[in-house]
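Notes for the one structure printed next.
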Amino acid sequence: MQVEKGSFDAMVPSAYIGSGLPLKRDSSVWKANVSIRNYTNQKLHLHGIENDSVDSYEYNLPPVAADIYYDLKTFPVTVSIDYFTKIKDLVGGIGFGLNPYPYARMSGGINKSFFEWGVFLSLGYAKVSYSTYSIYVIDQFNFAGAGSSSKGTIDCDDCSEWKFNGGFGTYLNFFPYKDITLSYSLSAYSPWLYNELKGNQFSFDFPYIFSHYFGVSYLFAEHIQASLGANVYFGNAFKEHIWNLEGGCSYIF
């Protein structure tokens, strides 16, 4: 089999920065958030992928390059709610959101008066579209040694499946002045957590999408926090780097 084309939706989550606040010791808060992102309809192409030659009983297929890419989807509006609790200097969080499909996440780290550091995990479930085109050859032989070959194609245009997705990462927040937060987050995200394609005779090893997030937040009147930042998506498997802007507004209670 030679897989010549493949495109797969990648529902990219919004950035995560933990609580983003200097929390009081032995306290708990809820944080409801709305994120707004510029719509990104771009592609992350995998580079250096080529099918080997196929030498069958009747057919000889030369090597051919494969055009395989993620179709990056950044939904323009996402919502989430997180619960954070702090014991001494340790903080833990759990949250849920829509992106536009549901996901859950959890985090843990250190929260002090001038900085916050932590790690997080996320798991989601989404309906994703994909398309593939491949050529296959089947050889058949009998006990007498005679053989025959058949040739066909798998052409799946605008197919879709429900798939689990997930990611992990780390974040770092600095609180240089009262009510101001400087944030950085590094994450690795897999839009397809398992490789098999329903109804097809092959699977892919889906690479992770990495991202850097840089942002700044300002807390108004102790309850409303506004943020603005930039996210860049990249990976060793991809040809491109893709930037997008992300703003948000949170209510802390």
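The values are calculated or read from the model by the stated rules, or taken from the named source; none is laboratory data. Note that the structure is predicted; figures quoted are calculated from it, not measured. Heads up, the Cβs are rebuilt from the backbone with ideal geometry, glycines too, and the neighbour counts pull from every protein chain shown.
Within the stretch 186-193, at least one residue is closer than 30 Å to V54 by Cα and modelled with pLDDT under 90.
Of all the numbered requirements in (1) loosely packed, with under 13 Cβ neighbours inside 10 Å; (2) closer than 23 Å to H47 by Cβ; (3) of a type in the set (S, T, N, Q), Q140 misses one, and that requirement is (2). If we scan the stretch 23-41, do we find a residue that is surrounded by fewer than 20 Cβ atoms within 10 Å (Cβ to Cβ) and within 15 Å of E240 (Cβ to Cβ)? Checking the stretch 23-41: at least one residue is surrounded by fewer than 20 Cβ atoms within 10 Å (Cβ to Cβ) and within 15 Å of E240 (Cβ to Cβ). Going residue by residue through the stretch 181-188, is there one that turns out to be out of contact with any His (no Cβ under 8 Å at 6 or more places or on another chain), over 24 Å from M11 (Cα atoms) and in contact (Cβ under 8 Å) with a residue 12 or more places away in the chain? Yes, some residue in the stretch 181-188 is out of contact with any His (no Cβ under 8 Å at 6 or more places or on another chain), over 24 Å from M11 (Cα atoms) and in contact (Cβ under 8 Å) with a residue 12 or more places away in the chain. Every test in (1) at pLDDT 95 or above; (2) assigned to a strand (DSSP E or B); (3) not hydrophobic (A, V, I, L, M, F, W, C) is passed by Y16 save one, and that test is (2). E240 falls short of the stated requirement of being over 23 Å from K127 (Cα atoms), over 17 Å from the mean Cα position of the chain (by Cα) and in a loop (DSSP other than H, G, I, E, B). Residues in the stretch 147-185 that are surrounded by 13 or more Cβ atoms within 10 Å (Cβ to Cβ), of a type in the set (A, V, I, L, M) and more than 26 Å from the chain's Cα centre (by Cα): 1 in all. Taken over the stretch 57-87, the criterion of being surrounded by 12 or more Cβ atoms within 10 Å (Cβ to Cβ), assigned to a loop (DSSP other than H, G, I, E, B), at pLDDT 85 or above and more than 22 Å from the chain's Cα centre (by Cα) is satisfied by Y59, A66. The sole residue among Y130, Y125 that is under 16 Å from W192 (Cα atoms) and crowded, with 17+ Cβ neighbours inside 10 Å is Y130.
Tell me whether the stretch 186-194 contains one or more residues that are of a type outside the set (S, T, Y), assigned to a loop (DSSP other than H, G, I, E, B), within 23 Å of the chain's Cα centre (by Cα) and over 30 Å from Y251 (Cβ atoms). For the stretch 186-194, residues of a type outside the set (S, T, Y), assigned to a loop (DSSP other than H, G, I, E, B), within 23 Å of the chain's Cα centre (by Cα) and over 30 Å from Y251 (Cβ atoms): present.
Considering the conditions (1) farther than 29 Å from Y218 by Cβ; (2) hydrophobic (A, V, I, L, M, F, W, C); (3) buried (at least 20 other Cβ atoms within 10 Å of the Cβ), A15 is excluded by exactly one of them, (1).
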